[in-house]
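K.L.:
Once you've had a glance at the structure underneath, I'll fire off some questions.
The values are calculated or read from the model by the stated rules, or taken from the named source; none is laboratory data. Predicted, not measured: the structure shown is a model, and the values here were computed from it. Here the Cβ is made from the backbone with ideal geometry for all residues, glycine too, and neighbour counts use every protein chain on show. Just the protein is used for accessible areas: all its heavy atoms, side chains included, with ligands, DNA and RNA removed. Shrake-Rupley method; radii C 1.70, N 1.55, O 1.52, S 1.80 Å.
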Amino acid sequence: MKFFIDTANLAQIKEANELGILDGVTTNPSLMAKEGIKGNDAVMAHYKTICEMVNGDISAEVISTDFKGIVEEGKKLAAIHANIVVKVPMIKDGVKAIKWFTDNGIRTNCTLCFSAGQAILAAKAGAAYISPFIGRIDDSGWDGVQLIEQIVQIYSIQGYKTEVLAASIRNPNHIVQCAQAGADVCTCPLDSILGLLKHPLTDIGLAKFLEDAKKM
Ligand code: G3P
């Protein structure tokens, strides 16, 4: 399973990248706004900076919701760097645009996926990635990991090439469950990635080894 970081924060991207386990970055308008990135030039420059920091796929999301607008915006985003993947919402014009991008050699990440039916449509349109939001599904009283399992199974049976990118990750256990469910990618906040490191027995064991090392 590939590890992406789900942020537009450059310090966090740098920290995850320095761990040596980072395969890419996902952003969205909320994450960009959180970093105070305002205006088209600043947004484009920020994506370019991220592309230069991380050697992997970088998802950049369109904010248009009509076919023509999504295509025009996506073309500009894709021109920033070869690693840009255009992130398109799961709406009718989004599906049409994903098919257009597929036919024109531009890779897409279909976002805001909350059902297996949506994942089938995205795969049919040729999306490179489908992003089911598992945390938001859990928040609404359903089981996000179960949706990952279902999409992975359908894609395998049907031979779809679209990669399952588990998004809206809330904790380290989500990452483990997505790996077990067969997700191709997990995009995570830095805290969830670093949370994978933690185990009290590791800390106790290390303290004991360091104590005993003084007697060596
Ligand atoms: O990038 C999309 C997704 O990961 C959003 O996560 O935490 O806002 O539900 P969240």
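K.L.:
Kindly express, to the nearest 10 degrees and within the range 0 to 90, the angle between helix 40-53's C-alpha long axis and the longest C-alpha principal axis of the chain.
P.N.:
Its long axis makes an angle of about 50 degrees.
K.L.:
May I ask you to give the solvent-accessible area per residue for the chain, in square angstrom, as obtained with a 1.4 angstrom probe?
P.N.:
Details: 11110 Å² over 216 residues.
Per-residue value: 51 Å².
K.L.:
Moving to a separate point now. Using a basic spin-label model with each label point 7 Å from the Cα along Cα→Cβ, how many nm lie between LYS14 and ILE157?
P.N.:
Here the answer is 4.8 nm between the modelled labels.
K.L.:
How far apart, in nm, are two points set 7 Å out from the Cα along the Cα-to-Cβ line at ASP139 and at ASN171?
P.N.:
With each label point 7 Å from Cα toward Cβ, the separation is 1.6 nm.
K.L.:
Could you pull out every residue, at least 5 positions away or on a different chain, whose amide H is within less than 5 Å of the one on ILE58? Hs are placed 1.01 Å off N in the peptide plane, and Pro or chain starts have none.
P.N.:
Amide H neighbours of ILE58, under 5 Å, 5+ apart: VAL25, ILE84, VAL85.
K.L.:
Here's something else I'd like to know. Step through the residues of the range 77-82 one at a time and calculate ³J(HN,Hα) from phi using the Karplus curve (6.51 cos²θ - 1.76 cosθ + 1.60, θ = phi - 60°), rounding each to whole Hz and writing x for Gly and Pro.
P.N.:
The phi angles translate into 5, 5, 6, 5, 6, 4 Hz.
K.L.:
Pairing the Cα long axis of helix 92-103 with the longest principal axis of the chain, what angle in degrees results, from 0 to 90 and rounded to the nearest 10?
P.N.:
90 degrees
K.L.:
Which of the aspartates and glutamates could a cross-linker span from LYS96 if the Cα-Cα distance has to be under 15 Å and same-chain partners fewer than 8 positions apart are dropped?
P.N.:
In chain and number order, the partners are ASP66, GLU72, GLU73.
K.L.:
Looking at this model, which pairs from LYS38/LYS99; LYS2/LYS99; LYS14/LYS214 are more than 27 angstrom apart at the alpha-carbon?
P.N.:
Distance filter (> 27 Å) returns LYS38/LYS99; LYS14/LYS214.
K.L.:
Relative contact order for the chain using alpha-carbon pairs under 8 Å, separation at least 6, rounded to a whole percent?
P.N.:
Values: 373 pairs, mean separation 36.4, N = 216.
Taking the mean separation of contacting Cα pairs over the length of the chain, I get 17 percent.
K.L.:
Next question. Got a sec? Charge dipole of the range 117-176, +1 on Cβ for Lys and Arg, -1 for Asp and Glu; which of ILE120, PRO172, GLN146 is way out at the positive end?
P.N.:
Going by the charge dipole, the pick is ILE120.
K.L.:
Residue by residue, what Karplus-based ³J(HN,Hα) values in Hz, rounded to whole numbers, does the range 110-120 have, using 6.51, -1.76 and 1.60 with θ = phi - 60° and x for Gly and Pro?
P.N.:
7, 9, 6, 8, 10, 8, 5, x, 4, 5, 5
K.L.:
Mind checking Rg over Rh on the range 59-216, alpha carbons, Kirkwood formula for Rh?
P.N.:
Ratio value, two decimals: 1.14.
K.L.:
From the phi angles alone, apply the Karplus equation (6.51, -1.76, 1.60; θ = phi - 60°) to the range 16-22 and give each ³J(HN,Hα) in whole Hz, x where the residue is Gly or Pro.
P.N.:
Couplings: 5, 5, 5, 5, x, 10, 8 Hz.
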